[in-house]
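Written below as structure tokens is the structure these notes are about.
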């Protein structure tokens, strides 16, 4: 029995029925991490802490105590999520030695549900990037083919889940940072509705777009994890008190009557033909099983990327200003005065992509440019939201590719920033509209690289994503 | 000549239990960095949670000065780097402040004037830098404490008006009980904008002065700035728009930065804080809890206690004084007598302390006892004054002191008569002069009888007895 290939829900059963203990499972994961260290998925591990948590769960289970939803299951969290006593580097040189003085709400919820946190995942520095090449701790590799990028910014989380190092991971998604790597690595990635999961303790990139979500090997796993991390947090004003449904129970095994929205803007002529045919097949599977296809229109979709780079960079410039060399992180050794301390510490601590975004962000917020950029972007954001709302009057779910192409080779786009930014063209609009979306595998190209499909639902309708996602997942497995 | 135009930006810390965006205690003092958490020290990933109480207090102030309360208001980030600002941005308000408009009436030398307010908004305070020999240290205890900024229109034209305006705001803050409003502890601070122009001409270029920590500093800084600008203008130079720092020791201000190198704060709505939406019902509820302000109390003092308008106004300016007065009156129902004593002797004492924030440091019960002794002529004025000094800052009971030290006046008519008969016998010349109508000689007899009684003779009684004796 290869436990490391199991889905989270399967290993949950194995633990429940006593086929394996959490300590044994945790040890297997650490063995796997060592075997696959070439993937460079984790920045730090917490073996001692993990084994102690696993042991505690095993003992609690043995004594018949009631256990949480993730009891004894090894999980990885992205390295921009604070967990007391662990290093939280955000894959930046600036925070290379920063030890969290407190725990993020989402991490606490995992711990409270009995999860065994085994390590902190590599990522693009401060979650800025689409390939995980912008890490001060080195490139992460795609386990499907190690010459390829795993996607970003939650590339470490995706590669770790895909390579069997853990059974699920937390990531963060500001413009596609969960869905794109999930798609590149052939796993499931969920970006919940904005406000569904608390952001408290998660190092902010762009506060109005950031959302914590999860990466798993199956849709059911995704539903289980969201059930654990969702909910109102008194430490995050933007978290919602909307009721949390039983996500696992939302999986019914039927898509009869489901209205699937297709927007032509997602299927333009730049779309890779293998991606298109995989998508067509998936949509046909839905139709064959009682769903109907509806055409919807999202005319402003192509403006989303511009809106995204204005809003996210503006917020990032402000969010990252606290890294000033005064309180924690890099403090330059050779400064003359206060201003010099700021300049040198930030120059030494931040990588190129981060600096690029900070400059862009400060530019669009500066006096004289604010109205032309920031204010206008906020207005366009409203329009994009309204277009999605209108589309959802006609359908239950919108289906589209997660990315126009499968994973690219390491180094292929490192010098073409615009090409890199364009990778996120289908995922970014979802964050702009604050909607929930799920990326799941729907096939492979001729080179064996995974192709990702993106399901988008109205606000708070993650249930629809899980039901539709699970249906297709099973259909593909059974070759329906 | 030039007309002076003055506008004020007044910052006041609110005395909420906890800070503006986290649950840390909002306490003045305390060991450095003991009232802080990940939120108010700007740890990566920490998020602000708005303190409802701070919003309520800001609305209270807005209502008390007749502002319009905005039903929709937004927090923005004011971005700049400084070590006392841990997030490198201050959460403040710009486009949609909580309160707009309103104003207060001031009175200077008998002339009343209405000073308009532009806005009141809510923001957070920064930490405090402590410069030491080993370098600069930072205390974040004050970081994140709620502040309201009250911005006036440029409606004042003299330092006296500026101080009156500031005192008026302070009085209201104290009445509402939403701030300690102490200038010296820095929980009431103000920046002053000054410009000069000629009658009929448009407003001149203004300069802004910072670091004004007392009413005296405000007065001096404005006087200095008016002279400086007048000299510049008279010399044919233009006034540069700039920020100046007042140095109270040197009695001068210095340019900190001009408009050219002023900072671009890159304000934008804080995405971590949802816009505040307040309902009319909530505003009405706050309005119904507003305490009586100075004007209303003064009116009551005139109508029910028979004080003069002037006295009532002086007594009610500071809520603590008015509260004190009312407590004393409760145990000793002589409002006029008590009022005269507070406005005279007590104010003299307070002024001698040279502290804008000084309070009466005798508990009202002891004050009532002291005044009863004085009013009943058990002690004389001299003794009463002396006891005021002695009781200050202590819990001593004046009745016991008077008894133990035998400070009571001699009110024994027969005894005093014996003493005075002897004095008159010893000083026949003085008696003659008094009889001849030289009333000044009365003082001589009072003085002599004081000498004979160790200062305890009741002067009024002495007077009566002497008058009686010379008529014999």
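Structure data summary
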| item | result |
| --- | --- |
| Relative contact order of chain B, pairs being alpha-carbon contacts under 8 Å that are 6 or more residues apart, as % | 14 |
| Helix B:319-331 axis, angle to chain B major axis (alpha carbon atoms, nearest 10°) | 40 |
| Extended-chain gain in nm, criterion 0.36 nm per residue less alpha-carbon gap, residue B:231 and residue B:130 | 32.7 nm |
| Viscosity 1.306 mPa s, 10 °C: Kirkwood-radius Stokes-Einstein D of the protein assembly as shown over Cα pairs, µm²/s | 48 |
| Ellipticity estimate at 222 nm from DSSP helix runs (n ≥ 4, -39,500 (n - 2.57)) divided over chain A, nearest 500 | -11000 deg cm²/dmol |
| Distance histogram in 10 Å bins (all Cα pairs of segment B:292-405, percent per bin) | 14, 48, 31, 7, 0 |
| Chain A: relative contact order in percent, alpha carbon pairs under 8 Å with at least 6 residues between | 17 |
| Cα centroid of segment B:209-279 to Cα centroid of segment A:2-73, whole Å | 62 |
| If the convex hull is drawn through the Cα atoms of chain A, its volume per residue in Å³ | 141 |
| Shape category assigned to segment A:3-250 from the gyration tensor of Cα positions, a/c cut at 1.5 | rounded |
| Angle between chain B longest axis and helix B:413-426 axis [Cα atoms, degrees, rounded to 10] | 70 |
| Separation between Cα centres of segment A:312-336 and segment A:347-379, rounded to whole Å | 15 |
| Two-site label geometry, residue B:254 and residue A:96: point separation in nm, points 7 Å out along Cα→Cβ | 4.0 |
| Proxy reagent accessibility, fewest Cβ within 10 Å first, across B:195, A:63 | A:63, B:195 |
| Shape call, segment B:242-325: gyration tensor on alpha carbons, a/c limit 1.5 | oblate |
| Rounded, prolate or oblate (a/c below 1.5 giving rounded, otherwise prolate when a/b exceeds b/c) for segment B:413-471 by Cα gyration tensor | prolate |
| FRET efficiency for residue A:1 and residue A:87, using Cβ-Cβ distance with R0 set to 35 Å, rounded to 0.05 | 0.55 |
| Residue-averaged beta-carbon neighbours from other chains (10 angstrom radius) around B:83-91 | 4 |
| Degrees between helix B:159-176 axis and first principal axis of chain B (Cα, 0 to 90, nearest 10) | 90 |
| Residue-span extension gain [residue B:223 to residue B:300] - 0.36 nm each, minus C-alpha spacing | 24.0 nm |
| Tail fraction, Cα-Cα pairs, chain B, threshold 39 Å, whole percent | 39 |
| Where Rh is the Kirkwood radius over Cα pairs, Rg/Rh for segment B:6-96 | 0.97 |
| Estimated [θ] at 222 nm from DSSP helical runs (n ≥ 4, -39500 (n - 2.57)) normalised by residues in chain B, nearest 500 | -12000 deg cm²/dmol |
| Share, in percent, of DSSP beta bridges within segment B:175-328 that are antiparallel, nearest 5 | 70 |
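Read-outs throughout are calculated quantities, based only on the coordinates presented, and are distinct from any laboratory measurement. Fair warning: this is a prediction, and the values are worked out from it, not measured in the lab. Virtual Cβ from ideal backbone geometry, glycine too; neighbours counted across all protein chains shown.
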